[in-house]
Amino acid sequence: MNKDVTAPLSILFLCLGNICRSPLAEGAARAAFAAAGIDVTLDSAGTGDWHVGHPPDRRAQAEARRRGIDISALRARQLTRNDFYDFDLILAADETNLRDARAIRPADATAELMLMLDLLPGRAGEGVRDPYYGGDEGFAATWEDVAAVASALVARCSTSG
Ligand code: 4NP
């Protein structure tokens, strides 16, 4: 990881459609921070607008439900320039999301922008694979990735006081 992320108080998870990866990441992080008793602001968004207002993909909802987490109330929204001031940290699922976010990032943005997997030892630079066009097993793999990211975020917040 090439950036020092300590105790971010507000985190935005970003993917393409905001119906698969980033809502799962938000759900995993909500559960992990709640379990740790740490108060943070969490949200998710997509770079695209196709699914704005939609709930998470039913396969993503099912994957979260298998882990005891209900993400059915989440609704997709598109990334805005304001997000670069409203959040301390924006975590993109993959390189395309990162590039698209950089394209609208205001010059005086205050948010850090990086890949989700940059937070995991040995996985910096990797993307969370998009499960949208695949089968259910892709969603299980997405969950493993985003749950590890959520744990890494909680660990950082727990140790940085
Ligand atoms: P997500 O997955 O970026 O993880 O939410 C996708 C959802 C929808 C589409 C692509 C990826 N789509 O092309 O509609």
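The values are calculated or read from the model by the stated rules, or taken from the named source; none is laboratory data. Remember, predicted model here, so these are calculated numbers, not experimental data. Here the Cβ positions follow ideal geometry from the backbone for every residue, glycine too, while neighbour counts run over all protein chains shown. In case anyone asks, the SASA skips ligands and DNA or RNA and just uses the protein heavy atoms, side chains included. Shrake-Rupley method; radii C 1.70, N 1.55, O 1.52, S 1.80 Å.
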Anything in the range 107-137 that is assigned to a helix (DSSP H, G or I) and either touching a residue at least 40 places away in the same chain (Cβ under 8 Å) or exposed (fewer than 14 other Cβ atoms within 10 Å of the Cβ) (or both)? List them, or say none. 116, 118, 119, 136, 137
Residue count, the range 3-35, condition more than 15 Å from the ligand (Cβ to nearest atom), farther than 19 Å from residue 144 by Cβ, at pLDDT 95 or above and open to solvent by 30 Å² or more (accessible area, probe 1.4 Å), comes to 1
For the range 43-59, indicate whether the set of residues that are touching a strand residue (DSSP E or B) at 6+ places or on another chain (Cβ under 9 Å), in a loop (DSSP other than H, G, I, E, B), of a type in the set (S, T, N, Q) and more than 21 Å from residue 117 (Cα to Cα) is non-empty. no
Has the range 149-160 got any residue that is outside any loop (DSSP other than H, G, I, E, B), surrounded by fewer than 17 Cβ atoms within 10 Å (Cβ to Cβ), at pLDDT below 95 and within 16 Å of the ligand (Cβ to nearest atom)? no
Take residue 102 and tell me if it is away from the ligand (no atom under 16 Å from the Cβ), modelled with pLDDT of 95 or more and farther than 19 Å from residue 151 by Cα. yes
